[in-house]
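The structure appears right after this line, and notes come after that.
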Amino acid sequence: MRHTLAQNIGVLRRMFSSKLAGILNILVIGIALSLPAGMYVLLQNAQGLVAQLSGTPQISLFMSMDAKADDVDKLRKQLEQHPAIARVEFVARAQALEQLKQSTGLADVIGGLNQNPLPDAFIVYPKPSAAQSLDELRIELAKLPKVEQAQLDSAWAYKLEALLKFGRMVVLILASLLSLALIAITFNTIRLQILTQRDEIEVAKLIGATNGFIRRPFLYFGAAQGLLGGIMAWLIITISLLLLNHQLNALSQLYASQFVLHPLSLGDSLTLMLFSMYLGWLGAWLSVARHLSQIEPR
């Protein structure tokens, strides 16, 4: 236990022996990680904003003209018990006709009709789901008794879903490329550390040190550098969102809105730091595996 603690202290001392180089490495890692992570945060916030602007998807169910009160009650119960439906709103024929008069300004023309041409209708508010699921729900509801037509405006849902898929793919590609770059940074940093301590490694092997014993401090170094880079990325994202929210607040007031950019959640923050630590460890492991085998006592 004491030896492991001494190794950890040695790792930290070695990391900051060249303060400028260590800080620059951590800053580069933080900036590189903050790009895909920041895009992910903006994508999550954009999803909430677009959904708010687009409104909740609705399915309009128009009943047959010969539907009776009992038919309406039966259909209402079926809709309220459906697991994919959040809530239901009934619009009676007379209410629909009155709304049409007020919205079109053709009260005189509509008042001259011999009978009400509009059917009873239900406005169905589905639970959040994919556009394809909404279409499947519309088809299912259209087959219910006394339902003449089921209408869903799903064009915006398909566009939103396609846009979000594209955004996620961009984030995934960017994160993959930058992850490779971070592994390369750590790989090169550890390579320089190994070359700097070549004589020490040779002496350690002469007195019987195993490769695992020699490898361990370098792995600690890579993991610690990756973790500090993840913390730097989190700070960059958090500070950037604070600055953006300050400007967004003034813009929101002009549009009578209260939209705010939400930061990384606790789970996402931990994932970011663990992932960055893993990248640092992986880069160190690859570098040590590549270069340590080339050093043998002379």
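The values are calculated or read from the model by the stated rules, or taken from the named source; none is laboratory data. Nothing here was measured: the structure is a model prediction, and the numbers come from that model. Please note: Cβ atoms are built from the backbone with ideal geometry, for glycine as well, and neighbour counts cover all protein chains shown.
With respect to the conditions (1) touching a helix residue (DSSP H, G or I) at 6+ places or on another chain (Cβ under 8 Å); (2) closer than 26 Å to Ala21 by Cβ, Leu160 lacks only one, and its number is (2).
The listed residues are Ser269, Ser276, Ser293, and the only one of them that is in a helix (DSSP H, G or I), over 16 Å from the mean Cα position of the chain (by Cα) and at pLDDT 90 or above turns out to be Ser276. Could you run through the stretch 223-238 and say how many residues are of a type in the set (A, V, I, L, M, F, W, C) and under 11 Å from Ser34 (Cα atoms)? Selection size over the stretch 223-238: 7. For Val260, the conditions (1) over 13 Å from Ala37 (Cα atoms); (2) hydrophobic (A, V, I, L, M, F, W, C); (3) modelled with pLDDT of 90 or more all hold with the exception of (3). Of the residues making up the stretch 66-85, those that are exposed (fewer than 14 other Cβ atoms within 10 Å of the Cβ) and at pLDDT below 85 are Asp66, Lys68, Ala69.
The rows are residues; the columns are (1) assigned to a helix (DSSP H, G or I); (2) of a type in the set (Gly, Ala, Ser); (3) at pLDDT below 80; (4) touching a strand residue (DSSP E or B) at 6+ places or on another chain (Cβ under 6 Å).
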| site | (1), (2), (3), (4) |
| --- | --- |
| His3 | yes, no, yes, no |
| Ile9 | yes, no, yes, no |
| Leu12 | yes, no, yes, no |
| Leu24 | yes, no, no, no |
| Gly30 | yes, yes, no, no |
| Ser34 | yes, yes, no, no |
| Ala37 | yes, yes, no, no |
| Gln47 | yes, no, yes, no |
| Val50 | yes, no, yes, no |
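The number of residues in the stretch 103-125 being surrounded by 11 or more Cβ atoms within 10 Å (Cβ to Cβ) and at pLDDT below 70 comes to 5.
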